[in-house]
Amino acid sequence: MSEKNNKQEYNPAQIEEFWQKSWDKDGIYNIPDVIKGKKNRYHLTMFPYTSGDLHIGHWYAMAPSDTLARFYRMKGDNVLFPMGFDAFGLPAENAAIKGKTHPKDWTDQNIIRMRKQLKKMGGMFDWNREVNTSSEEYYKWTQWWFLQLLKNNLAYKGKALVNWDPVDETTLANEQVIDGRSDRSGALVEQREMEQWFYKITNYAEELLNHDNLNWPESVKAMQKNWIGKSEGAEIKFSILKNDKDISKEIINVFTTRPDTLFGVTFMVLAPEHPLVDQITTSDFSDKITKYRIDTKLKTEIERQSLVKEKTGVFTGAYCIHPLSKNHIPIWISDYVSPTYGTGAVMGVPAHDERDFQFAKKFLLPIIQVVSKNTNIATEQLTNAFTEKGVLINSQQYNNLDSDTAKEKIIDCLENEKKGVRKIQYRMRDWLISRQRYWGAPIPIIYCDNDGCGIVPVPEEDLPITLPYNVEFLPTGKSPLSLNEEFVNTTCPNCKKPAKRETDTMDTFMCSSWYYMRYANPKNNTNIISKDAEKNWLPVDQYTGGAEHATMHLLYSRFFYKAARDMKILEDNEPFTNYFSQGQILGTDGQRMSKSKGNVVAPDAQINKWGADAFRSYLMFLGPWDQGGPYDLSGVVGTHRWLNRLWQLVLSKPIKNKKIAKKTDQINKINHSTLKKVTLDIASFKFNTMIAALMELTNELSTIKEINDDDEVAWDKAIEYLCLMIAPSCPHIAEELWHLLGKNSSVHLNSWPIFIDKYTKSITQVIPIQINGKLRAAIEVSVGIDESTMLSLAQKNKKIAGYVQNKNILKVIYIQDKLLNIVITN
RNA sequence: GCCGGGGUGGCGGAAUGGUAGACGCAGUAGGCUUAAACCCUGCGGAAACAUUAAUGUUUCGUGUGAGUUCGAGUCUCACCCUCGGCACCA
């Protein structure tokens, strides 16, 4: 390309296609597992879902991460930067139903199209390591993971209230429910009691809260902490009173974070779904209770969670006994108590909890204040719940203690009397992985009716359980696989008698919880990952991707890694030691891009118009990467013009003129100070200022029309460095110009230049002079002059002299090479 | 309500407590063109005063209000707006 090209014109379409093919042919991005003398470094950007089209968000996520990976490669590391496809999932199935194709065909076609689009980006992806989560060789290992988790008691089948998406006809994990709606279909989620497969991610709740040694954004760490939702308190037992006198065997357990308010309990509230409700409700109240429970069931999660609505509830007719005061406490049910958090029951402390306060007001239940702001016993009626900590009152021997002390003493007492225990409660629940849909990895389980068999895991050597192609995959609420006799009917591995397969498939987040491991040895048939592959590449040194995965993919992956460690599959604790989350690229109107808003920017059209290099650099230039922001259709012309100017600059040398003054110092200065800034900026993800600095260098060099003969060395160096410096961000034009300069090897196989700090310094500089902190003048002086010289030079300045005249100088502040501030009387 | 970002020209944004607005877009004046442009060059925070004029001088200016400092976009406190996450979570 470089020889044939017309040297006048920058034609991105031509050179980009040429070099992409050439790189492919030479395999310059195929990364060996080991290069002697080089450190391995694993860079990864979240792989795309196979929707069929690379959208601008993918480019926004991948262009900077590619730039970063290329930079570290030039810095001398052996950098792995793989790519693959997250290919299982509901959208494939829904699209196939709509378009009358098969999910597999739909997905495979999309992969072909997306791979092509990804190559147009000019990324240094190592395509030899591509993974496709819907391929048999991949999902064999997804199923293998299930078996390992099962073997180690981290997977279990359990009956529970689960989230049901009535549109997609499948269950959802809690993480997939946003504001009571399915994150995919948007349908209002229903609660159904079903028997499903779960992973015990809660076993790792405490460890997942620990982000020490993880270089992650604070916001993402905070989101995970919020999601896990740790609360410390106690679980307290309230015995149920039977026939007014006898104490029944049944006990109500409640969780509270405020045991110090225990003496303020005036009622008990159970969730309507609480299993004890039937047993304790007295006959007088059973009609009302039954009706309330039916009403609750009919409510959507959103109605139920609404904060504005008035509290509702019904008395059960039953009472329980306060564990310390022995008072009789009425038991109510109300939908403000969630059946799935804590024990599904709360102790009502209206004086110190806003919700309980509202409930007590509504049903005229007593309100007893037991915590006060100060030691004076409050006599005033509370108008609101007092939710702060304070000093105990009305609490027998605990009076006058502060909340924290009282909390400890009360729990001690409860523990002694076996009426309660210290308890840590987490908001996070176990991960529900069963899906009643077709396009996913089948759960490798066989159900056998014979004695002693029951739930039988598929033996590892029988994996993969392949997904049959000929299946009626219309959603029916049951897995489509259950309609396929050939799939369902099998023999029990234990007793060899006829048995049936599990027909649910696995949540696709399972596929993405371990894909980063597979890139290290994608074709390994005997292990999930070999010891060597693990040593070579894991954990990921730099992960990048959107923060919308904070409580799903990123949390699940951490769980997988820790589980793998405990199952002796891997050795480390964390999959991603450094993680950076980019912001979201918005439509030109500053709104989230969506077809309905008509503000979607198609990347393909932008590349055709401007070329991948200009498009990549504009995406990096438009603002700080972690902030995202609107895409400006007229802004991208800026980076295109820049590359055009740069092209001209590199190919047209200034005129040599012996008579003019030497410019070597000037050229070295702009060259090396840019190199310094670019080096530091890329390493700290400041891609926008990196591009700005490169533009400045281009502009400054362009103003030099003539050089002295002696300047040629410095000039050539500057041009060479310029090509090297743009190589990570604009790989195609860099390569083309590099060859046009007469170099033979790829620019991407060259080393990143090292800046020489002394070149970045100048001999003179302009120092601002302030009077009383206000800028009054700026004078050029030599670097490093002392205070008295600076002051006398300043006083010679006409303007400064005018200010200082007839005034007392109170103070002089001189920061060498920065500024001079003269403080005078007014 | 709780947690975490962010408020700077017409717009995107830059700025280790030290010349606010780098770099770019749009705008505008000019050049090259038959004509244009995704070509080249110049000028762009606001106001007041002075000067025939280019210009000069001063004042104001980084969401609001206080404070620390010789000096604050930057630090401290209070508040407002906005984006994202969590939420009848006991």
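Values for this structure:
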quantity: Counted residues, region A:412-453 - those being under 30 Å from A:GLU485 (Cα atoms), free of Cβ contacts under 8 Å to residues at least 12 places away in the same chain and surrounded by 13 or more Cβ atoms within 10 Å (Cβ to Cβ); calculated: 0
quantity: For A:GLU130: the one exception among (1) buried (at least 19 other Cβ atoms within 10 Å of the Cβ); (2) touching a strand residue (DSSP E or B) at 6+ places or on another chain (Cβ under 8 Å); calculated: (1)
quantity: A:PRO323 vs. criteria more than 14 Å from RNA strand B (Cβ to nearest atom), more than 25 Å from A:ARG192 (Cβ to Cβ) and either modelled with pLDDT of 95 or more or in the same structural domain as A:ASN416 (by TED's automatic domain parsing) (or both); calculated: yes
quantity: Index of the failed condition, A:PRO275 passing every other in (1) closer than 25 Å to A:ASP179 by Cβ; (2) outside any helix (DSSP H, G or I); (3) over 36 Å from the mean Cα position of the chain (by Cα); calculated: (1)
quantity: Cross-chain or 6+ apart pairs with Cβ under 6 Å, region A:155-179 first and free of Cβ contacts under 8 Å to residues at least 24 places away in the same chain, then more than 16 Å from RNA strand B (Cβ to nearest atom); calculated: A:VAL167/A:SER185; A:VAL167/A:ALA187
quantity: Residues (open to solvent by 20 Å² or more (accessible area, probe 1.4 Å) and of a type in the set (A, V, I, L, M, F, W, C)) located in region A:690-748; calculated: A:ALA692, A:MET695, A:VAL713, A:LEU740, A:LEU741
quantity: Qualifying strands (runs of 3 or more DSSP E) (wholly inside region A:65-173; at least 1 residues being modelled with pLDDT under 95); calculated: A:155-165, A:170-172
quantity: Yes/no for A:GLY122 being of a type in the set (Gly, Ala, Ser), open to solvent by less than 30 Å² (accessible area, probe 1.4 Å), within 24 Å of A:GLN542 (Cα to Cα) and out of contact with any Asp or Glu (no Cβ under 6 Å at 6 or more places or on another chain); calculated: yes
quantity: Contacts under 6 angstrom Cβ, first residue in region A:250-263 being assigned by TED's automatic domain parsing to the domain that holds A:ILE411, partner small (Gly, Ala, Ser) and more than 11 Å from RNA strand B (Cβ to nearest atom), 6 or more apart; calculated: A:ILE251/A:SER239; A:ASP260/A:SER403; A:ASP260/A:ALA406; A:PHE263/A:SER395
quantity: Residue ID - surrounded by the fewest Cβ atoms within 10 Å (Cβ to Cβ), chosen from residues in region A:361-382 that are under 27 Å from A:PHE315 (Cα atoms) and modelled with pLDDT under 80; calculated: A:GLN381
quantity: Residue in region A:671-682 that is in contact with an Asp or Glu (Cβ under 6 Å, 6 or more places away or on another chain), part of a helix (DSSP H, G or I) and either under 30 Å from A:TYR579 (Cα atoms) or assigned by TED's automatic domain parsing to the domain that holds A:LYS653 (or both) present; calculated: no
quantity: Filter result (closer than 30 Å to A:ILE569 by Cα and small (Gly, Ala, Ser)) within region A:161-197; calculated: A:ALA173
quantity: Of residues in region A:472-501 being at pLDDT below 90 and buried (at least 19 other Cβ atoms within 10 Å of the Cβ), the one nearest to A:ILE443 (Cα to Cα); calculated: A:SER479
quantity: Members of region A:197-227 that are in a helix (DSSP H, G or I) and open to solvent by 60 Å² or more (accessible area, probe 1.4 Å); calculated: A:ASN203, A:GLU206, A:GLU218, A:SER219, A:MET223, A:LYS225, A:ASN226
quantity: Test for A:LEU481: is it outside the structural domain of A:GLY84 (by TED's automatic domain parsing) and part of a loop (DSSP other than H, G, I, E, B); calculated: no
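One line per residue, one yes/no per condition, for (1) charged (D, E, K, R); (2) within 16 Å of RNA strand B (Cβ to nearest atom):
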residue	(1), (2)
A:ASN527	no, no
A:ASP532	yes, no
A:PHE560	no, no
A:GLN627	no, yes
A:TYR631	no, yes
A:VAL637	no, yes
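The values are calculated or read from the model by the stated rules, or taken from the named source; none is laboratory data. In this text the structure is predicted, and so the values were computed from the model without any measurement. All Cβ positions, glycine included, derive from the backbone under ideal geometry; neighbour counts span all protein chains shown. Ligands, DNA and RNA are stripped out before the accessible areas are found, and what is left, the full protein with its side chains, is counted by its heavy atoms. Shrake-Rupley method; radii C 1.70, N 1.55, O 1.52, S 1.80 Å.
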